[in-house]
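Take a look at the structure set out below.
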Amino acid sequence: MPPMRDCCHQPDSSRTESIRRGRRLEYLTVVWNLLEAAWAIGAGLWAGSIALVGFGVDSLIETSSGVILLWRLRDGGRGEAREKTALRLVGWSFLALAAYVAYDAVHALVFREPPDESLPGIVLAALSLAVMPLLARAKRRVAAGLQSRAMHADSRQTDICAYLSAILLGGLGLNALLGWWWADPVAALVMAPIIFREGWAAVRGQAGCGCHGGADGC
């Protein structure tokens, strides 16, 4: 009977291809989020939308996460010390995002800062909602192939970007259609504890990425 293969073993050729795919995904993440940040922050400042500005800041934080992962994938993507450092850095970026979103949302509610209608913001949220889940899924496949907890955490940040897109779209839509100004900051505030939990888990090194469950099981 032939010996059983380790489910977590990956040939060098397959690993090299996974690293290349990972780098392409992270470059796409950086470029997309820089453009998204410029669009969201510009539209948010114009409309006075805290959630939209916060979405832009989220895009900048996700850009930093992409840069961290590009650093992680250097030199063949090997090295447990680099993996742990990247995971913690991604976690701190989550915590920074949670703090920013919570502060700005509370500030808007306390001082009753109603946003203006923002059609560019609605369009941006819809585009992000379509793109981010696909990008997150692709990152999880690479994370599973490389057994990288840091890249798995980065994929979760991309998931959160998609969740924020959905909440932002709902908040801006309710404000535009019904005049519910408070929907915008409340929508942003709802996400803060979720983001914090993900960040704290990553900082503590608890963002897992097992070898079971297939490409999307990570």
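Going through ARG112, ARG78, ARG137 one at a time, which residue ends up being surrounded by fewer than 15 Cβ atoms within 10 Å (Cβ to Cβ) and at pLDDT 80 or above?
Values: ARG112 fails: at pLDDT 80 or above; ARG78 fails: at pLDDT 80 or above.
Matching residue, one of ARG112, ARG78, ARG137: ARG137.
Report yes if some residue within region 162-172 is assigned to a helix (DSSP H, G or I), open to solvent by 20 Å² or more (accessible area, probe 1.4 Å), β-branched (Val, Ile, Thr) and on the phi < 0 side of the Ramachandran plot; otherwise report no. Give the derivation first.
Taking region 162-172 first, the residues assigned to a helix (DSSP H, G or I) are 162-172.
With open to solvent by 20 Å² or more (accessible area, probe 1.4 Å) added as a condition, the list becomes 163, 166-167, 169-170.
Pick out the ones that are also β-branched (Val, Ile, Thr) and you get 167.
Still in the list and also on the phi < 0 side of the Ramachandran plot: 167.
Checking region 162-172: at least one residue is assigned to a helix (DSSP H, G or I), open to solvent by 20 Å² or more (accessible area, probe 1.4 Å), β-branched (Val, Ile, Thr) and on the phi < 0 side of the Ramachandran plot.
Is region 142-157 home to any residue that is over 21 Å from THR85 (Cα atoms), at pLDDT 85 or above, out of contact with any Phe, Trp or Tyr (no Cβ under 7 Å at 6 or more places or on another chain) and not basic (Lys, Arg)? Walk me through how you get there before you give the answer.
Here is the first cut: in region 142-157, the ones over 21 Å from THR85 (Cα atoms) are none.
No, region 142-157 contains no residue that is over 21 Å from THR85 (Cα atoms), at pLDDT 85 or above, out of contact with any Phe, Trp or Tyr (no Cβ under 7 Å at 6 or more places or on another chain) and not basic (Lys, Arg).
Exactly one condition in (1) in a helix (DSSP H, G or I); (2) touching a residue at least 40 places away in the same chain (Cβ under 8 Å) is false for ASP159; which is it?
(2)
Checking VAL67 against (1) open to solvent by 30 Å² or more (accessible area, probe 1.4 Å); (2) modelled with pLDDT under 75: exactly one of these is not met. Which one?
That leaves (2) as the condition not met.
For region 115-134, which residues satisfy the criterion of being open to solvent by less than 60 Å² (accessible area, probe 1.4 Å) and not aliphatic (A, V, I, L, M)?
Answer for region 115-134, where residues must be open to solvent by less than 60 Å² (accessible area, probe 1.4 Å) and not aliphatic (A, V, I, L, M): PRO115, SER118, GLY121, SER128, PRO133.
Can you tell me which residue is modelled with the lowest pLDDT among those in region 1-38 that are β-branched (Val, Ile, Thr) and open to solvent by less than 70 Å² (accessible area, probe 1.4 Å)? Lay out the reasoning, then the answer.
Going residue by residue through region 1-38, those that are β-branched (Val, Ile, Thr) are 16, 19, 29-31.
Going one step further and asking which of them are open to solvent by less than 70 Å² (accessible area, probe 1.4 Å), we end up with 16, 19, 29-30.
On the way: THR16: 84, ILE19: 88, THR29: 90, VAL30: 93.
Only one residue fits best here, namely THR16.
Give TRP200, TRP180 a once-over and let me know the one that is open to solvent by 50 Å² or more (accessible area, probe 1.4 Å) and in a helix (DSSP H, G or I).
TRP200
Within the bounds of region 147-157, is there any residue that is open to solvent by 20 Å² or more (accessible area, probe 1.4 Å), closer than 24 Å to SER13 by Cα and touching a helix residue (DSSP H, G or I) at 6+ places or on another chain (Cβ under 6 Å)? Before the answer, list the steps.
The initial filter retains those residues of region 147-157 that are open to solvent by 20 Å² or more (accessible area, probe 1.4 Å), namely 147, 149, 152, 156.
Now narrow it down to the ones that are closer than 24 Å to SER13 by Cα: 147, 149, 152.
Then drop every residue that is not touching a helix residue (DSSP H, G or I) at 6+ places or on another chain (Cβ under 6 Å), which leaves 149, 152.
The answer is yes; a qualifying residue exists.
Of all residues in region 39-62 being of a type in the set (A, V, I, L, M) and more than 17 Å from TYR163 (Cα to Cα), which is most open to solvent (accessible area, probe 1.4 Å)? It would help to see each step written out before you state the result.
Taking region 39-62 as the starting set, the residues that turn out to be of a type in the set (A, V, I, L, M) are 40-41, 43, 45, 47, 50-53, 57, 60-61.
Retained after the next criterion (residues that are more than 17 Å from TYR163 (Cα to Cα)): 41, 43, 45, 47.
Values: ILE41: 44, ALA43: 15, LEU45: 126, ALA47: 4 Å².
Step by step, filter region 39-62, then rank; the result is LEU45.
The values are calculated or read from the model by the stated rules, or taken from the named source; none is laboratory data. Remember, predicted model here, so these are calculated numbers, not experimental data. Every residue, glycine as well, gets a Cβ built from its backbone with ideal geometry; the counts of neighbours run over all protein chains shown. Note: areas computed on protein heavy atoms with side chains; ligands, DNA, RNA excluded. Shrake-Rupley method; radii C 1.70, N 1.55, O 1.52, S 1.80 Å.
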